[in-house]
Amino acid sequence: MTDPYRFILRRTGGPEVLEAEMIDVPAPGEGELLIRHEAVGLNFIDTYHRSGLYPLPLPSGLGNEAAGVVEGVGSGVDGVQVGNRVGYFSGPLGSYATHRVIDAERVVKLSEEVSSEAAAAVMLKGCTAEFLIERCARIEAGETVLVHAAAGGVGSILVPWLKAIGAIVIAHAGTGKKAELAGELGADHALSCPMDELAGQVRTLTDGKGVSVVLDGVGAASWDASLGSVARKGLIVTYGNASGPVPAFTALDLLRAGSIFVTRPTLFDYIDTAEAMRASAARLFDMIGSGAIQVRIGAQHALLEAADAHRALEARQTTGSTILIP
């Protein structure tokens, strides 16, 4: 399919429900931009929308993140011209497409140093890392943090970001190879033990105290390990459902774990204004520019192969970020 196209979600289910359809290139309206996508970001939240875990009104577009070239500028838009390179990561859904019209307030202009591929690979995951560390958990130098899925798209950014601010990082990954990668990213301790052994190893590494913060994007499979690893009065940030949603728990479970705190945040509540979104992106690009964060593209698929990319992501066969190329 060489003509302009987009993916449309007409029903929820497995990767096979993803359908591509040809479109006419849309024209931007007032306050809008027409973008020709050069790269589209693949994120776990895309699988939650596709599967129905996060329900959507159907039919729906899919994908929050992409980068490319401005090919049309609507009336009332200042500061962006045809030919500029821009990226976006805060929706609305519909980035799985060759072309897209989007509100100009949603985009971030890209410098020459940031390729479209790098931007699509890092914006949503990197800004997720920014808000988790700096505005949600507010982690400080010297705190000990457990990072689940430490070699994944978000985890591989969390680990070096935490090290850059002076935290002590215990990384956990599903395989020894992925744990080695987490160690290369700077983790003080890189583990790949079974989940039912993780809390014991964390307690050993922390002289029995546990960690002050757990950053958990795995969900169901890691919940008990997170509860067993967190220190008294510590915080579990459960921000993803890679293995399914966290099981039901009670306030008494939090008491028994040591008067702990639990939060289930989403990036989109932390970038709910254009100013907050751009500030988060600016902080991310500063971290990249300083060398603290490296953009790691682990896999690249043609956009038309989005179903295969979803299968690889859900099977946890990926490291770093995966991008889709129209």
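The values are calculated or read from the model by the stated rules, or taken from the named source; none is laboratory data. Everything numeric here is computed off the predicted structure, so don't read it as measured data. Virtual Cβ from ideal backbone geometry, glycine too; neighbours counted across all protein chains shown. Ligands, DNA and RNA are excluded from the accessible area calculation, which covers all protein heavy atoms including side chains. Shrake-Rupley method; radii C 1.70, N 1.55, O 1.52, S 1.80 Å.
Evaluate the charge dipole of the range 177-223 about its Cα centre and quote only its size in Debye, nearest 20, assuming +1 on the Cβ of each Lys and Arg and -1 on the Cβ of each Asp and Glu.
Charge dipole, the range 177-223, about its Cα centre: 40 debye, nearest 20.
Note down the magnitude of the dipole of the range 1-153 about its Cα centre, charges +1 on Lys and Arg C-beta and -1 on Asp and Glu C-beta and zero elsewhere, to the nearest 20 debye.
Dipole size: approximately 380 debye.
Could you work out the longest stretch of the chain that avoids the GluC sites (Glu not before Pro) located in DSSP loops with at most 14 other Cβ atoms within 10 Å?
In the chain, the maximal stretch lacking such sites is 141-326.
Given contacts defined as C-alpha pairs under 8 Å and at least six residues apart, what's the relative contact order of the chain, whole-number percent?
17
Taking amide hydrogens as modeled 1.01 Å from N in the peptide plane, which residues meet the under 5 Å criterion relative to VAL73, leaving out close sequence neighbours?
Answer set, sorted by chain and number: LEU34.
What number comes out for accessible area per residue over the chain if the probe is 1.4 Å? Units Å², please.
I get 42 Å² per residue for this part.
Using label points projected 7 Å from each Cα along Cα→Cβ, tell me how many nm separate VAL25 and CYS193, to one decimal.
Between VAL25 and CYS193, the simple spin-label model gives 5.7 nm.
At 222 nm, what value in deg cm²/dmol follows for the chain if DSSP H runs of at least 4 each add -39500 (n - 2.57) and the sum is divided by all its residues, to the nearest 500?
-8500 deg cm²/dmol
Using the Kirkwood formula over every pair of different C-alpha atoms, what hydrodynamic radius in Å results for the range 1-80?
Kirkwood radius, the range 1-80: 14.3 Å.
Among THR322, SER192, ILE288, whose Cα projects farthest towards the positive end of the dipole of the chain, with charges put on the beta-carbon of Lys, Arg (+1) and Asp, Glu (-1)?
So the residue we want is SER192.
Please list, by residue number, every one of the chymotrypsin sites (Phe, Trp or Tyr not before Pro) in the range 215-278 that is coil in DSSP and has at most 11 other beta-carbon atoms within 10 Å.
Passing sites in the range 215-278 do not exist.
Identify which of the listed values of P(r) over Cα pairs in 20 Å bins from 0, in percent was calculated from the structure shown: (1) 28, 58, 13, 0; (2) 33, 56, 11, 0; (3) 24, 28, 11, 16, 15, 6, 0.
Computed from these coordinates, P(r) over Cα pairs in 20 Å bins from 0, in percent corresponds to label (2).
At a probe radius of 1.4 Å, what is the per-residue accessible area of THR204, in Å² to the nearest 10?
110
Carbon and sulfur atoms: what percent of the 1.4 Å accessible area of the chain do they account for?
50
If you add up the charges near VAL101, with Lys and Arg at +1 and Asp and Glu at -1, over every other residue whose beta carbon is less than 15 angstrom from its beta carbon, what do you get?
Spelling it out: positives minus negatives among the neighbours equals -2.
If you take the charge dipole of the range 134-221 about its Cα centre, with +1 on Lys and Arg Cβ and -1 on Asp and Glu Cβ, which of VAL211, TRP161, ALA182 is farthest toward its positive end?
Going by the Cα projections, it comes out as TRP161.
What full-extension length gain, to one decimal in nm, is calculated for ARG135 and LEU93 as 0.36 nm per residue of separation minus the Cα-Cα distance?
Fully extending the segment from ARG135 to LEU93 adds 12.7 nm.
Which of the lysines could a cross-linker span from LYS233 if the Cα-Cα distance has to be under 23 Å and same-chain partners fewer than 8 positions apart are dropped?
Filter leaves LYS163, LYS209.
Rounded to the nearest 0.05, what FRET efficiency is calculated for ASP3 and ASP78 with R0 set to 41 Å and r the Cβ-Cβ distance?
The calculated FRET efficiency here is 0.80.
Can you work out the base-10 log of I(q)/I(0) for the range 168-265 at q = 0.17, 0.18, 0.21, 0.22 1/Å, using the Debye formula on its C-alpha atoms alone?
Cα-only, vacuum Debye calculation for the range 168-265: -0.72, -0.81, -1.10, -1.20.
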